[in-house]
1. List the pairs whose first member sits in the range A:264-288 and is at the interface with another protein chain (Cβ under 7 Å from one of its Cβ atoms), whose second member is at pLDDT below 80 and crowded, with 24+ Cβ neighbours inside 10 Å, and whose Cβ atoms are under 9 Å apart, counting only residues at least 6 apart or on separate chains?
2. Can you name the condition, by its number, that B:Y43 falls short on among (1) open to solvent by 70 Å² or more (accessible area, probe 1.4 Å); (2) hydroxyl-bearing (S, T, Y); (3) in contact with an Asp or Glu (Cβ under 6 Å, 6 or more places away or on another chain)?
3. Considering only residues that are part of a helix (DSSP H, G or I) and within 8 Å of chain B (Cβ to nearest Cβ), look in the range A:140-157 and name the one that is most open to solvent (accessible area, probe 1.4 Å).
4. Please work out if B:A147 is more than 12 Å from every other protein chain (Cβ to nearest Cβ) and either touching a Lys or Arg at 6+ places or on another chain (Cβ under 6 Å) or open to solvent by less than 10 Å² (accessible area, probe 1.4 Å) (or both).
5. Does B:F34 meet the test of being among the aromatic types (F, W, Y) and within 30 Å of B:V197 (Cα to Cα)?
6. Would you point out the residue of the range B:99-110, among those that are surrounded by fewer than 19 Cβ atoms within 10 Å (Cβ to Cβ) and on the phi < 0 side of the Ramachandran plot, that is farthest from the other protein chains (Cβ to nearest Cβ)?
7. From the list B:R166, B:R159, pick out the single residue that is basic (K, R) and open to solvent by less than 60 Å² (accessible area, probe 1.4 Å).
Amino acid sequence: MRSYAIYVAKRVLQFALVVFVGISITFLITHLTPIDPVEHAVAQVSTFGFSSPESIELLRQSLKELYGVGDNLWEEYLIFWRRLAMLDFGPSLSAFPTPVSELIGRAIPWTIGLLTVSTILSWFIGNILGGLAGYYSRNRILRILGMIMMGLHPVPYYIVAFVLLIVFTFLLPILPSSGGYEMNLATGWTPQFAGSALLHSILPSLSLILVGVGSWFMGMRALVSNIVTDDYVTYAALAGVPDKKLVTSYVMRNAFLPQITGLAMSIGAIFNGAVITEQVFGYPGIGRLLVEAVHAADYSLVLGITSIAIIAVSAAVFIIDIIYPLIDPRVQVTQ
Amino acid sequence: MIAVLRDLFRYNGEFAIGCMIMAIILGIAAASFFSPYEPIDSYLVALDAPPSLEYVFGTNSRGQDIFWQLTFAIRNTLAFGFIVALISRILSLVIGLISGYMGGIVDRILMSINDTFIVIPLFPLLVLLYFVLRDDMTWFVLALVMAGLGWAYDARLIRSVMISLRTREFTNTSVFSGMSMPRIVTQEHLPYVLPIVFSTFMNNMNWSIGLEVTLAVLGFTDVDTPTIGGMIFWANQHSAMVSGVWWWYFFPTLFVTLTFIGLFLLAISMNEYIDPRSRLDRMGNS
């Protein structure tokens, strides 16, 4: 138990380091800019002329604190962190005066839901099929499957999503093309809403799964084909352990472990893919919000989403790291 | 060297197919030097002409010949991937070698930085960078930034190879015969590490081209420099799918997918060269 506590403490430190570096890069990037973002943004809002002087002043204040234009750099940096700690990014410019945190709060459940389901599905499908393909390496169906996976794996998210969109909404219109749920439905925990949300999530998650499954498949196949030649497997096979049990509890179980570490390492890349997928399918998650914010030149929203995304992704990795030793008992001894 | 290449070509289908695909892609990229048009010029040819003998891949709604446009796009996209891969390989090689050879506290510090860069999601950062720089975001700036952020995964790989090399007998022999640390690393260990660097080079090119296409499709890059993603971006801007100009999407998508598959096949066949057991296994089967 004590070794687990030390392990967790180390991971907490790593988590803190990731957030620290990520947020610091975010801060530095926004301070590289030669133009004054605050006046630029204020001018943009006030040209529409529908805001009171007080709210404009509030906007200028929060933007100044977020960007810290004019103060000394260290002070700006500390103020930036204080704002972040309170999750207060000021009002959004494109949806003025809705606070940025509210917009993000509305979008983030969609992204988390979509990513959790599609990541877990593609991890399991890819690993189980890949494990079987590695063990029964002479099986013809699994070999063809391997070739398909290999061809599909390097294709970028955008193209897979785009092809799916054309096939299932244009050539064979059976699935909704965009949105997270049907427009005229009230949001809430009703069966209609849940069904509609599920139906709308099929295409986005399918495209994420199609791209994601390949790398797990190939990684697992390589791992299993190495493990199969290990002495302990040969011994178990000679001792008469049934084939089914050999695959599941002797070979695949061991090969799963490095794949969990792989999952932790690829969360960031999966998030990148989700941004583009949401954009293609008009899914109301955080990725589409980010793209819209850039097009609307919404400074505080872009900054807010970037910071939250970094924290959320590193938190996901942290959670996987924390669970890992509960699955692999060896980690407690060695760490 | 030539014998290895010939064996790879003969016994390794992936290598042969990968080489052929990349030869076609490079050929098209090289054709850009003979283009009758400047890449940036528009309204030179008939609008929205479908593929025909005169315009092999058709023309787009901006009056550009898609074939010649594509030659420039492939050249720029490949050059972009190449530069990102080259710079990030240097970074990951230096960090991986130092971390693996020195071990101890240096290793621990470098690897925590390394793990940090693996975890941080790059896409929002790149979007933020574009958002701040706007027109100052040339493709070279983007390449530099992506190289600065994309070395981490492979540095870890190189480090792990390095750790196993350090414990080998010949390392001790070199140390006892008085070789200095930089010489041991560059002369004794580097030859073992280089094949991995080449294989990750291809994968890194794929990664950077994929990100560039994604950013460009959203319009978050310098879209006036023709790239594959930029072509798809302009097709979206002109709603090419709605107006039925499918060839505007089809050819860039086809060729970028071919590039991905080609580079990927080369990378995995390179891996096979690194691990001769699987090569022998394959030769025994055929």
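1. A:N272/A:Y157; A:V275/A:Y157; A:I276/A:P156; A:I276/A:Y157; A:I276/A:Y158; A:Q279/A:Y158
2. Of everything listed in (1) open to solvent by 70 Å² or more (accessible area, probe 1.4 Å); (2) hydroxyl-bearing (S, T, Y); (3) in contact with an Asp or Glu (Cβ under 6 Å, 6 or more places away or on another chain), B:Y43 misses just condition (3).
3. Going through the range A:140-157, the residues part of a helix (DSSP H, G or I) turn out to be A:140-152, A:157.
Retained after the next criterion (residues that are within 8 Å of chain B (Cβ to nearest Cβ)): A:150-151, A:157.
Working: A:M150: 33, A:G151: 28, A:Y157: 49 Å².
Taking the candidates together, the pick is A:Y157.
4. yes
5. Values: among the aromatic types (F, W, Y): yes; within 30 Å of B:V197 (Cα to Cα): no.
Against the criterion (among the aromatic types (F, W, Y) and within 30 Å of B:V197 (Cα to Cα)), B:F34 does not qualify.
6. Initial filter on the range B:99-110 (surrounded by fewer than 19 Cβ atoms within 10 Å (Cβ to Cβ)): B:102-109.
Narrowing further to those that are on the phi < 0 side of the Ramachandran plot: B:102, B:105-109.
On the way: B:M102: 20, B:I105: 15, B:V106: 17, B:D107: 15, B:R108: 11, B:I109: 11 Å.
Filtering the range B:99-110 for residues that are surrounded by fewer than 19 Cβ atoms within 10 Å (Cβ to Cβ) and on the phi < 0 side of the Ramachandran plot, the one farthest from the other protein chains (Cβ to nearest Cβ) comes out as B:M102.
7. On the way: B:R166 fails: open to solvent by less than 60 Å² (accessible area, probe 1.4 Å).
When all the criteria are applied, what remains is B:R159.
Each row is one residue, and each column tells you yes or no for (1) assigned to a loop (DSSP other than H, G, I, E, B); (2) farther than 27 Å from B:S208 by Cα; (3) not basic (K, R).
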| site | (1), (2), (3) |
| --- | --- |
| B:I40 | yes, no, yes |
| B:L44 | yes, yes, yes |
| B:F57 | yes, no, yes |
| B:G63 | yes, yes, yes |
| B:V106 | no, yes, yes |
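The values are calculated or read from the model by the stated rules, or taken from the named source; none is laboratory data. It should be emphasised that the depicted structure is a prediction, and the values quoted were computed from it without experimental measurement. In this analysis, Cβ positions are derived from the backbone assuming ideal geometry, glycine residues included, and neighbour counts consider all displayed protein chains. For the accessible areas, the whole protein counts, side chains as well, though only heavy atoms, and no ligand, DNA or RNA atoms are used. Shrake-Rupley method; radii C 1.70, N 1.55, O 1.52, S 1.80 Å.
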